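Colleague: I am attaching a structure below and will ask some questions about it afterwards.
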Amino acid sequence: MVESVKPTTIKANDLRIGAVTRVANTAPAVTTAPAQTPAAAAAPTLARVMAASAPLDVARVALIKEAVEAGRFPLSPASVADALIAAKYEWMSHDAS
């Protein structure tokens, strides 16, 4: 069972509480810049590569285009309209004016 904490829970000379002593800081001061890890050095390059093009699956886009042209992809005008309206509201919520 857990005892609730109240102002009267801890009393003077309570043996459950250890003494607190101050410890001198013996750690050496860091004067040099930390070495870069290989992952940190590669991060800007990875970001640059990812920003160079839009993240899309070209094969999946080709399959969808083929299905739409063949009439096998179920397009619902109501779904398209809903997505366009939702995108417009999302865009308007970020508009400064």
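The values are calculated or read from the model by the stated rules, or taken from the named source; none is laboratory data. All figures in this text were calculated on a predicted structure; none of them were measured in a lab. Note that we place each Cβ from the backbone using ideal geometry, even for glycine, and neighbour counts take in every protein chain shown.
Colleague: Go through segment 69-97 and give me each residue that's among the aromatic types (Phe, Trp, Tyr) and surrounded by 10 or more Cβ atoms within 10 Å (Cβ to Cβ).
Modeller: Answer for segment 69-97, where residues must be among the aromatic types (Phe, Trp, Tyr) and surrounded by 10 or more Cβ atoms within 10 Å (Cβ to Cβ): just Phe73.
Colleague: If Glu66 passes every condition in (1) at pLDDT 80 or above; (2) loosely packed, with under 10 Cβ neighbours inside 10 Å but one, which one does it miss?
Modeller: (2)
Colleague: Same structure, new question: Residues Val49, Val61: which one is hydrophobic (A, V, I, L, M, F, W, C), at negative phi and modelled with pLDDT of 90 or more?
Modeller: Every option except Val61 fails the conditions.
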